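Quick one: structure below, then a few questions.
Derivation of every value follows stated rules applied to the coordinates shown; laboratory data play no part. All values reported here derive from a predicted model rather than from experimental measurement. A quick note on method: Cβ atoms are made from the backbone with ideal geometry, for glycine too, and the neighbour counts reach across all protein chains shown.
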Amino acid sequence: MESTKKDEPQLRHVETDVLIPKMMREKARERCVQHVEAFSACCKDTGFFMVFKCREENAALKECLTRHYHDPEFFQECKQEYIQEKLEYERTGIPTKSRKQKLPTSM
């Protein structure tokens, strides 16, 4: 089945400008994990002087994150994932975070 704009649900302004970019930030941090870890380690090791000593790690992290933020395919990927989560919520009434938690085995 071919997906067209008519098949997609209408997204509100807050969804396209806030919620989907938030998802993009979270996923970009996962994809840039080596840069995040390098920057975090540098900050821990240098303490107060991290502003000066971690410039290289910070620049690499920013470059990695920015590359993902400006990738139209990545935006579409996150948008489709958001739409699927929204449709699942409308179908079940259970938020994504609650669905991902393990259900108790006994009641």
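Step by step: first the residues of region 14-57, then only those that are among the β-branched types (V, I, T) and surrounded by 12 or more Cβ atoms within 10 Å (Cβ to Cβ), then the one that is nearest to the chain's Cα centre (by Cα). Which residue is that?
Out of the qualifying residues, it is I20.
Residue by residue, here is whether (1) in contact with a helix residue (DSSP H, G or I) (Cβ under 7 Å, 6 or more places away or on another chain); (2) closer than 25 Å to Y82 by Cα holds:
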{"position": "H35", "(1), (2)": "yes, no"}
{"position": "F39", "(1), (2)": "yes, no"}
{"position": "C43", "(1), (2)": "yes, no"}
{"position": "T46", "(1), (2)": "yes, no"}
{"position": "F52", "(1), (2)": "no, no"}
{"position": "K62", "(1), (2)": "no, yes"}
{"position": "T66", "(1), (2)": "no, yes"}
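For L11, all conditions in the list (1) outside any helix (DSSP H, G or I); (2) free of Cβ contacts under 8 Å to residues at least 60 places away in the same chain; (3) surrounded by 12 or more Cβ atoms within 10 Å (Cβ to Cβ) hold save one; what is the number of the exception?
L11 satisfies all of (1) outside any helix (DSSP H, G or I); (2) free of Cβ contacts under 8 Å to residues at least 60 places away in the same chain; (3) surrounded by 12 or more Cβ atoms within 10 Å (Cβ to Cβ) except (2).
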